[in-house]
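Below is one structure, written out as structure tokens, with a few remarks after it.
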Amino acid sequence: MAVNLSYSPEVENLVERTREFVRDVVLPIEDEHAGDITAAGGDGVRKELQAEAASRGLLAPHAPVEFGGLGLDMSDRSPVFEAAGYSLFGPTALNIAAPDEGNVHLLAHVASPAQKEQFLAPLARGEVRSAFAMTEPAPGAGSDPSALTTRAEKAPGGWKINGHKWFITGADGAGFFIIMARTSGAPGDRGGATMFLAPASAPGIRVGRHIETLDRAMIGGHCEVFFEDLFVPDDAVLGAVDEGFAYAQVRLGPARMTHVMRWLGAACRGHDVAVEYVARRDGFGSRLGDLGMVQKMVADNEIDIAATRALLTRACWELDQGESGSDSTSIAKAFGSEAIFRIVDRSIQMCGGMGVSGDLPLARLSREVRPFRVYDGPSEVHRWALAKRVVGKAKRAAREEGKS
């Protein structure tokens, strides 16, 4: 079987133009505001950066062409998203930041034509932001989505939703919400969830406090959200009733990989900063970069970068083939989230006191990438799910062997 790891000239050109945009336009704004998107102007700076990205033909590389995007598949997204992620503000500038990027993917695959016009089209163009409301306080849905407690009860002409969500990224200022609510069964059941679409202005949606977190580069915070007798019409159901958990996988597998792409770009910036530093900094009678212990950290960073890219390549190929990618995305997410943190952490160590200071971007990169080991499934959950599938396969094979 032939294996082709090259990209088309069009994608290579897009990657180069993305790098240029990030280097010349986006990085100076990030550096001026120490990676804090709110301090940089929040939605105001988002709109300015996205307008510039659109003028350069870079906006929404993942979105369907008919809605103004570039229509890239998962494999071709990888180098573009990595190039954008070189700046913490780069994904926002290209309209590929979470949660909007994952919501674009979900809507493109599940929404009705009318829903695409109402919700997907303005989201892809950057006219609005969105939020995906699934996570709940304990004992509700978190890493285990089957614990979902928010309920949607049938009402004349639609549904009434009641529930309490939290850690809802981008909720403050979102134009609309995708809401996961239970329409049948009880918390702990594997099925019975439905997705609903609702404008943020709908009566019954209340955005509460911003939950304080390490990261500062995502617009709209990570908020508590309350749904209090929120009425949504029947045509606000996204997909089919009781099929919400299946649709969540349509979103989550690709979204985990695009997270890896973006944060890998940030880790590469950290590595570049550290290599440049040790190549010119003198210490102990030589350049730091000539010392064995420093060289080991440089080499280990290179290995982690290459391994993460390779795992991404495999997972994205499977997703592009229409496969579930359950194992490959879990492997890439768990390994990538940990490798990305190691890369940034080593980069800080190589730069010593400068590494933990505000004079270099490394401290803020560490602040941003650390939560990724929790977001979109903690590493422990991915390992558990992967091991469960592997052992289950072995058990089935043993049963079949016993029958023969």
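The values are calculated or read from the model by the stated rules, or taken from the named source; none is laboratory data. Please read these numbers as outputs of a predicted model, since none were measured by experiment. Reconstructed Cβ throughout: ideal geometry from the backbone, glycine too, with neighbour counts over all protein chains shown. Side chains included, ligands, DNA and RNA excluded: accessible areas come from the protein's heavy atoms. Shrake-Rupley method; radii C 1.70, N 1.55, O 1.52, S 1.80 Å.
Annotations
- Filtered residue count, segment 328-343, keeping only those that are surrounded by 18 or more Cβ atoms within 10 Å (Cβ to Cβ) and over 18 Å from the mean Cα position of the chain (by Cα): 1
- Qualifying residue in segment 11-20 (condition: crowded, with 21+ Cβ neighbours inside 10 Å, among the hydrophobic types (A, V, I, L, M, F, W, C) and under 29 Å from Asp172 (Cα atoms)): no
- Restricting segment 284-327 to residues that are in contact with a Gly (Cβ under 8 Å, 6 or more places away or on another chain) and farther than 26 Å from Gln249 by Cα, the residue that is surrounded by the fewest Cβ atoms within 10 Å (Cβ to Cβ): Gln295
- Segment 263-290, residues that are hydrophobic (A, V, I, L, M, F, W, C) and modelled with pLDDT under 95: Phe284
- For segment 64-122, residues that are among the hydroxyl-bearing types (Ser, Thr, Tyr) and under 25 Å from Ile179 (Cα atoms) total 2.
- Exactly one residue out of Thr194, Thr213 is part of a strand (DSSP E or B), among the β-branched types (Val, Ile, Thr) and either in contact (Cβ under 8 Å) with a residue 24 or more places away in the chain or touching a Lys or Arg at 6+ places or on another chain (Cβ under 6 Å) (or both): that is Thr194.
- Breaking point among (1) out of contact with any His (no Cβ under 7 Å at 6 or more places or on another chain); (2) surrounded by fewer than 24 Cβ atoms within 10 Å (Cβ to Cβ); (3) part of a loop (DSSP other than H, G, I, E, B); (4) in contact (Cβ under 8 Å) with a residue 60 or more places away in the chain, for Gln50: (3)
- Only one entry of Gly69, Gly126, Gly90 meets the criterion of being modelled with pLDDT of 95 or more and within 18 Å of His259 (Cα to Cα), and that entry is Gly90.
- Within segment 208-235, considering residues that are aliphatic (A, V, I, L, M), out of contact with any Ser or Thr (no Cβ under 7 Å at 6 or more places or on another chain) and crowded, with 20+ Cβ neighbours inside 10 Å, the one nearest to Lys165 (Cα to Cα): Val225
- Ala202 falls short of the stated requirement of being touching an Asp or Glu at 6+ places or on another chain (Cβ under 9 Å) and over 23 Å from Ala138 (Cα atoms).
- Hits in segment 179-213 (condition: over 17 Å from Glu153 (Cα atoms) and of a type in the set (Ser, Thr, Tyr)): Ser201, Thr213
- Residues that are open to solvent by 60 Å² or more (accessible area, probe 1.4 Å) and closer than 20 Å to Gly85 by Cα, drawn from segment 360-381: Arg367, Arg370, Arg373, Val374
- Here Pro28 meets the list (1) free of Cβ contacts under 8 Å to residues at least 12 places away in the same chain; (2) open to solvent by less than 10 Å² (accessible area, probe 1.4 Å) almost entirely, failing just condition (2).
- Residues located in segment 65-82, provided they are assigned to a helix (DSSP H, G or I) and either closer than 12 Å to Tyr7 by Cβ or of a type in the set (D, E, K, R) (or both): Glu66, Ser75, Asp76, Arg77, Ser78, Pro79, Val80, Glu82
- Screening Ser357 with (1) under 26 Å from the mean Cα position of the chain (by Cα); (2) closer than 19 Å to Ala274 by Cα; (3) polar (S, T, N, Q) gives one miss only, at (1).
- Residue in segment 243-263 that is open to solvent by less than 30 Å² (accessible area, probe 1.4 Å) and of a type in the set (Lys, Arg) present: yes
- Members of segment 84-107 found to be in contact with a Cys (Cβ under 9 Å, 6 or more places away or on another chain) and either at positive phi or open to solvent by less than 10 Å² (accessible area, probe 1.4 Å) (or both), listed by number: Gly85
- Breaking point among (1) in contact with a helix residue (DSSP H, G or I) (Cβ under 9 Å, 6 or more places away or on another chain); (2) over 22 Å from Gly90 (Cα atoms); (3) surrounded by fewer than 14 Cβ atoms within 10 Å (Cβ to Cβ), for Asp272: (2)
- In segment 132-169, the residue that is farthest from Leu230 (Cα to Cα) out of those that are among the acidic types (Asp, Glu) and open to solvent by 70 Å² or more (accessible area, probe 1.4 Å) is Asp144.
- Total residues in segment 241-289 satisfying the condition of being among the charged types (D, E, K, R), within 24 Å of Gln321 (Cβ to Cβ) and not in a loop (DSSP other than H, G, I, E, B): the figure is 3.
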